[in-house]
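The values are calculated or read from the model by the stated rules, or taken from the named source; none is laboratory data. Remember, it's a predicted structure, so these values are computed and weren't measured experimentally. With ideal geometry, Cβ positions are generated from the backbone for all residues, glycine too; neighbour counts draw on all protein chains shown. Accessible surface is based on the protein model in full, side chains and every heavy atom, while ligands, DNA and RNA are left aside. Shrake-Rupley method; radii C 1.70, N 1.55, O 1.52, S 1.80 Å.
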Amino acid sequence: MFEQLIQYLESIDPIIAALYATLFTWLVTAAGASFVFFFKNMNRTILDGMLGFTGGVMVAASYWSLLSPAIDMSEGEGFVKVLPAAIGFLMGALFLFALDKTLPHLHINFKETEGIKSPWQRTTLLVLAITLHNIPEGLAVGVLFGGVAAGIPEASIAGAVTLAIGIGIQNFPEGIAVSMPLRRMGMSRRKSFMYGQASAIVEPIAGVLGAVAVSFFTPMLPYALAFAAGAMIFVVVEEVIPETQQDKNTDIATLGFIGGFIVMMSLDVALG
């Protein structure tokens, strides 16, 4: 089935393929958010384990799917070869840092508000927090498809699809992490679901924009891949991991992280 999917995506425009792939990651987020129709509460231990898994997937994807190809496709030797990846990685982290400090958002624990002070409701701030996570994820998938459109040998449809699968897997608990707290606040199941799935709508947008930009300006691909990696690592270190350490489930969260890393590494090596 995987080979048939690859053959189909190879037969269509890579930018359209990027749209399909990121729509898939959005739908998986919606599947996670749909849990709100069946449960009102999610056990905190399970949630921390799933968020740890999310962090592991993001870290593994940052290296295996983004940084490693970025370095491989850069020219030169030694420090010259790694320079595009280093610059892109730093710019991606700084980009998320700037958004984190300016865009109003609320952490999942409902205790920490960041960004510019805003009268927006806590529901909106929580959705914006998860939306911040999803920008680099959609961008990462899109730039890989853009590399395929540009004819870069190191970029492949299989690698881009593998990354989309990994991002989709870790989007599932993110959908739960948005919808469940909203339900506990007294919001209706329908509204909790709508907010939960809406947090990932930015992924298809970022994916298509990334694919178009890279396909028209090929030399930026190593920088763009590393940019997405830097943004993802910033999210993991600044928010995902600290969130899993709020309660007494640190061991579960850590094991979840290890599991997520292994799953994404295995997917990338076996399929990508």
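Please specify each residue of the stretch 154-168 satisfying the condition of being open to solvent by less than 10 Å² (accessible area, probe 1.4 Å) and within 12 Å of the chain's Cα centre (by Cα). L163, A164, G166, I167, G168 - these are the residues of the stretch 154-168 that are open to solvent by less than 10 Å² (accessible area, probe 1.4 Å) and within 12 Å of the chain's Cα centre (by Cα). The residues of the stretch 78-90 that are open to solvent by less than 80 Å² (accessible area, probe 1.4 Å) and without any contact (Cβ under 8 Å) to a residue 24 or more places away in the chain, listed by number, are G78, K81, V82. Look at the stretch 252-272: where a residue is within 12 Å of G159 (Cα to Cα) and a partner is surrounded by fewer than 15 Cβ atoms within 10 Å (Cβ to Cβ), sitting 6+ places away or on another chain with Cβ atoms under 8 Å, you get L271/F2. The single condition from (1) modelled with pLDDT of 85 or more; (2) in a helix (DSSP H, G or I) that S74 fails is (2).
Within the stretch 173-192, residues that are within 16 Å of T29 (Cβ to Cβ) sit with their Cβ atoms under 7 Å from residues that are assigned to a loop (DSSP other than H, G, I, E, B) and among the aromatic types (F, W, Y), at 6+ positions apart or across chains, in these pairs: P181/F110. Filtering the stretch 169-203 to residues that are within 30 Å of F145 (Cβ to Cβ) and open to solvent by 10 Å² or more (accessible area, probe 1.4 Å) leaves I169, F172, F193, M194, Y195, Q197, A198, I201, V202.
Name the residues in the stretch 235-253 that are open to solvent by 40 Å² or more (accessible area, probe 1.4 Å) and touching a helix residue (DSSP H, G or I) at 6+ places or on another chain (Cβ under 6 Å), would you? Working first, answer last.
Let us first name the residues in the stretch 235-253 that are open to solvent by 40 Å² or more (accessible area, probe 1.4 Å), namely 237-238, 241-242, 245-248, 250-252.
Result: I241, D247, I252.
A quick yes/no check of all residues on (1) over 20 Å from A211 (Cβ atoms); (2) touching a residue at least 24 places away in the same chain (Cβ under 8 Å); (3) of a type in the set (K, R):
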position	(1), (2), (3)
I6	no, yes, no
A17	no, yes, no
T45	yes, yes, no
G76	yes, no, no
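Checked against (1) farther than 21 Å from L267 by Cβ; (2) crowded, with 19+ Cβ neighbours inside 10 Å; (3) of a type outside the set (S, T, N, Q), G210 meets all criteria but (1).
Any idea how many residues of the stretch 51-63 are surrounded by fewer than 24 Cβ atoms within 10 Å (Cβ to Cβ) and touching a helix residue (DSSP H, G or I) at 6+ places or on another chain (Cβ under 7 Å)?
2
Using the structure shown, decide if L125 is modelled with pLDDT under 85, buried (at least 22 other Cβ atoms within 10 Å of the Cβ) and touching a strand residue (DSSP E or B) at 6+ places or on another chain (Cβ under 9 Å). So that I can check it myself, show each step before the final result.
Working: modelled with pLDDT under 85: yes; buried (at least 22 other Cβ atoms within 10 Å of the Cβ): no; touching a strand residue (DSSP E or B) at 6+ places or on another chain (Cβ under 9 Å): yes.
The answer is no for L125.
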